[in-house]
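**Q** Mind looking over this structure? Questions follow.
Every number in this text was worked out from the coordinates using simple rules, so none of it is lab data. The model shown is predicted, which means the values in this text are computed figures rather than measured ones. Every residue, glycine as well, gets a Cβ built from its backbone with ideal geometry; the counts of neighbours run over all protein chains shown.
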Amino acid sequence: MRVAMIGGGYVGLVSGACFAEFGVSVAVVEADPARLSALREGRMPIYEPGLEKLVTSNVAAGRLTFGNDIGAAVRGAEAVFIAVGTPTRRGDGHADLTYVYAAVEQIAAAIDSYTVIVTKSTVPVGTGRRIAEILKQQRPTVEVDVASNPEFLREGNAIGDFMRPDRVVIGADSERAREVLQRLYRPLFLIETPIVFTGLEAAELTKYAANAFLALKITFINEIADVCERVGADVHDVARGVGLDGRIGRKFLHPGPGFGGSCFPKDTLALVRIARDAGAPSRLVETLVDVNDTRKAQMADRIVAACSGNVRDLSIGVLGLTFKPETDDMREAASIPIITRLVDLGANVKAFDPQGMDQARPMLPASVTYCCNVHEVAKDADCLVVITEWNEFRAISPGFLRDVMAGKVIVDLRNIFDPSAMRAEGFTYVGIGRPESVRN
Ligand SMILES: NC(=O)c1ccc[n+]([C@@H]2O[C@H](COP(=O)([O-])OP(=O)(O)OC[C@H]3O[C@@H](n4cnc5c(N)ncnc54)[C@H](O)[C@@H]3O)[C@@H](O)[C@H]2O)c1
């Protein structure tokens, strides 16, 4: 079986490599010349654990190729996946479908026999129908079906999520399209992965609804963390007590500085627009977008308050820049508003991230100093801030910080440190939802 994957980013590259691992022949088409030459030279343009090995072995086996010629990739492919970006459109919150429709035009020009065109990109409800219309207009004599197969992988665990997903959602109206996709996903069917067949609209909406629900869980526990701080409760106790209820579940109940990343912010915004346009506005989703934006903006104030109300000329060390660990993705990361505000207030910020510093540079103020390790960040810092919970930060000992830092303030926006151990070394420790009075 042959498929084409348009877009070699997080989703296209991971999905393409995983389909190749299933034994399928996959042609990945990537438009960005730098990304393409990296891929052709065996260098990964993104950081994702396990990806390089998977790509290398499938390229060596001849099942995975990279190119920029959509025509060559599409001709003879049974399914063509669109995995291009759908960022927020400037000004109105809608998903920007420019890349999707540009890819559709190119696909339309190239197809020559029955093909299933599949949106793997997260696209607003109605996009699949529109794509079908375009294809029909441009190639009235070629048989095509359009399907929606939204992707639920998480960056940082993308291969595991793709190979062992909770479910696969396939939205298609024709039996023929369903058969092609069922055959492609047969290895997952064999390990009893639920395959949810739906109509096009339901599949498109499922992706937005799932992301909004996860974003809602995060936003909810963040608000509960705020309450905890006021009433003297530890949010981790509350989250555990709540999450052990099987109806609720323990995942996504970790308080922090507000969600970021390549998906939740743009997908919640897009769902707000989709719901409004459909005449069924979602007040819940609109509110969560607002609450999360406010929270991210407020996090710098928490750091300023921990530094006795003034950060001017203070040396502030920041650990972690990416929106979450195990990725180099900086899109909508909480570090961006936090560091920008600290710099505006006159702080000298130095930072370290295990994977994200190259991506961070163009997004952060020019005055930020980038360090090579934890020691450089902590050395002579007046205040240390944890923004992303990379595992290597968890092992940092209070004694080490006491010896290298100039000041005594720790702001731990991911609650990775033991507050009592920090306080025992004389630090002012500020976490999230963990008031001073609370036992640890
Ligand atoms: N990143 C995630 O964790 C994730 C998870 C699930 C779903 N999604 C969705 O998947 C889609 C892609 O996300 P991503 O993070 O992989 O984006 P990305 O920006 O990392 O990758 C998109 C790639 O497509 C390429 N591209 C654009 N137009 C092209 C064209 N006409 N031909 C060939 N290549 C083209 C770009 O150069 C880029 O490399 C989005 O809709 C996103 O919402 C992302």
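**Q** Nearest 5 is fine: what % of DSSP beta bridges in the chain come out antiparallel, could you say?
**A** If I count the DSSP bridges inside the chain, around 5 percent turn out antiparallel.
**Q** Based on other C-beta atoms within 10 Å, arrange GLU133, GLU192, GLU286 from fewest to most.
**A** GLU192, GLU133, GLU286
**Q** Follow-up question, since we're still on this one. Could you tell me the center-to-center distance, by alpha carbons, between the range 325-339 and the range 226-247 in angstrom?
**A** Result: 26 Å between the Cα centres.
**Q** In the chain, what is the count of Lys pairs whose alpha carbons are under 19 Å apart, counting only pairs at least 8 residues apart or on separate chains?
**A** Taking the chain as the scope, the lysine pair count is 17.
**Q** Rank-order 288-294, 323-329 by packing density, defined as the average count of other C-beta atoms within 10 Å over each peptide's residues, highest first.
**A** Per-residue Cβ counts within 10 Å, averaged per peptide and sorted highest first, yield 323-329, 288-294.
**Q** Of ILE339, ILE70, how do they rank once you tally other Cβ atoms within 10 Å and put the fewest first?
**A** In increasing order of surrounding Cβ atoms, one gets ILE70, ILE339.
**Q** Would you be so kind as to identify all helices of the chain, as entire DSSP H runs, whose Cα atoms reach 20 Å or more along the helix's own axis and whose mean Kyte-Doolittle hydropathy is at least -0.5?
**A** Long hydrophobic helices here: 200-231, 283-306.
**Q** Run the dipole for the chain about the Cα centre, Lys and Arg Cβ at +1, Asp and Glu Cβ at -1, nothing else charged, and hand back the magnitude in debye, nearest 20.
**A** Around 340 debye, computed over the chain.
**Q** While we're looking at this one, here's another question. Could you tell me which of rounded, prolate or oblate describes the range 2-198, using a ≥ b ≥ c as the square roots of the eigenvalues of the alpha-carbon gyration tensor, with rounded for a/c under 1.5 and, failing that, prolate when a/b is larger than b/c and oblate otherwise?
**A** Since a/c stays below 1.5, the shape of the range 2-198 is classed as rounded.
**Q** Can you order the peptides 383-390, 173-180 by their average number of other Cβ atoms within 10 Å per residue, highest first?
**A** Listed from highest to lowest mean packing, they are 383-390, 173-180.
**Q** Mean projection of the alpha-carbon convex hull of the chain over all orientations, in nm²?
**A** Projected over every direction and averaged, the Cα hull of the chain covers 21.8 nm².
**Q** Taking amide H positions as placed in the peptide plane 1.01 Å from N, state which residues far from ILE82 in sequence (5 or more) or on other chains have amide H under 5 Å from it.
**A** Close amide H contacts, sequence-distant or interchain: ILE6, VAL118, THR119, LYS120, SER121.
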